[in-house]
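Structure first, then comments.
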Amino acid sequence: MILFDRRGENKKKLHRRLQSLAAIKTHDGTELSAALNDSDCELFVCFGEFQTDEDQAIILKDFIDRGGSVAVFSTEAESNINQFLDNFGIQIEEGAVVRAVYHKGYLHPKHALVQNGIVQPFGDRDERNYHGADGDTSTLMKFVYPNGTTLRVESPAFTLLSSGSTSYPVDCPVAAAWEALAGRGRLIAVGSGDIFSDEWLEREDNSKLCDVLFKFLLHQAVEFDPSLGRSDFEEKECVPDIASLSNLIKPCLQDVDPLPQDYTTLLCDDQFGFTMDHIPKVIDLYKNLNVNYDSLSLIEPHFNCPLPPLQMATHAPRMPELPPPELELFDLDECFTDIRTRLARLADKCSEDFDLVNYVRQAGWILGVDGGCRGDEDDEGKAKHVLLAVAKVILKAKMQQDESR
């Protein structure tokens, strides 16, 4: 059984679509723990601003620990649900996902069409394949993400959907999942509470996406493998609001002190100097360091002779001569003799054990007749085409003779 909170009772199309998977029931406002303790309850779905306190967060976590599944479809104004989602490494962030590229079907900027946002390839155990296991998996389906926000996903949770490359913020998680390592507990969090509403369920591939997510939560032939998905999402960086700062210009002018009456006081002549005041101190250092004080002597320079310039050792290339023509392998008689002589020689070669098919083919090659045979035919078929072509020529010649008489 699938249990919806009060805000999910107006999603009629979603209820009709999920009736083929499990029974549908709406929470009537009674104690949540009593409703979840029902033995038939497999999945709890909450939409919009679902108010959760510390007690309800513990109840939902205990429900998942017992093997149940929870689906959270939040909004950009949601904040209190994070108290429950923090236990699974998921947090809903503030802000909105907007469409950065114009599309004629979705004029409102918060109705973002995501065409390459599939991060986690989904598998069907009945079909025994993984869609998108090879190649790019981001374009498996496109979906509309209305009035949604982004998520922050940490291990052990993993990302299912991203905002794609045509939305802002770019390529940020918008749907995440968590699965218990020991047990049947599962959790899915989506940053849009309207993605499966009656207005958007049948737009683009939202209905297919709905089937995949709810079949995963109900353990019906859909599995996710986090090792096949992506996890290289860049962290957000806060940048200053340049537009606001440009309207808050605060210039600062430095005050200048008035000039003195005697401007020569501004000149500093003791900063550099060339005197011999420090020579006595330098000579005293020789005594303090026990170094003999001698006058400087001339150091003879020593020049290293460089190596002679290098020259490249080049040789003229040896061009090979062309080989002589192979005239001894060329049959001149076969090329210059007429057709009748060549046919007569071919007939002389015939004997009792001579292959008739080979004879007809060689005769057809001498006469330049192939009969329109195909390249994939055998030798016997090609010989039949040659005989057919010769018969047509003979028949045509006889008919012309009869007409001339």
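The values are calculated or read from the model by the stated rules, or taken from the named source; none is laboratory data. Being a predicted model, the structure only gives us computed values, none of them experimental. Note that each Cβ is placed from the backbone with ideal geometry, even for glycine, and that neighbours are counted across all protein chains shown. Keep in mind that these areas ignore ligands, DNA and RNA; they rest on the heavy atoms of the full protein, side chains included. Shrake-Rupley method; radii C 1.70, N 1.55, O 1.52, S 1.80 Å.
Specify the residue that is nearest to residue 2 (Cα to Cα); the eligible residues are those in segment 177-227 that are part of a loop (DSSP other than H, G, I, E, B) and of a type in the set (A, V, I, L, M). Once the filter is applied, the top-ranked residue is 218.
When residue 311 is tested against (1) open to solvent by 90 Å² or more (accessible area, probe 1.4 Å); (2) assigned to a helix (DSSP H, G or I), exactly one condition is not met: (2). Taking segment 1-19 as the region of interest, how many residues are modelled with pLDDT of 85 or more and either open to solvent by 30 Å² or more (accessible area, probe 1.4 Å) or part of a loop (DSSP other than H, G, I, E, B) (or both)? The qualifying residues number 5. Being hydroxyl-bearing (Ser, Thr, Tyr) and at pLDDT 85 or above, is that true of even one residue in segment 305-321? No, that holds for no residue. Pairs are defined by a Cβ separation below 9 Å, a sequence spacing of at least 6 or placement on different chains, a first member in segment 20-32 that is open to solvent by 80 Å² or more (accessible area, probe 1.4 Å), and a second member that is in a loop (DSSP other than H, G, I, E, B) and aliphatic (A, V, I, L, M); the pairs so defined are 25/1. Restricting attention to segment 140-157, the residues being in a strand (DSSP E or B), out of contact with any Gly (no Cβ under 6 Å at 6 or more places or on another chain) and of a type outside the set (D, E, K, R) number 5. All conditions in (1) among the polar types (S, T, N, Q); (2) under 30 Å from the mean Cα position of the chain (by Cα); (3) open to solvent by 100 Å² or more (accessible area, probe 1.4 Å) hold for residue 247, with the sole exception of (2). Out of segment 238-267, which residues are under 30 Å from residue 169 (Cβ atoms) and assigned to a loop (DSSP other than H, G, I, E, B)? 238, 239, 240, 241, 247, 248, 249 - these are the residues of segment 238-267 that are under 30 Å from residue 169 (Cβ atoms) and assigned to a loop (DSSP other than H, G, I, E, B).
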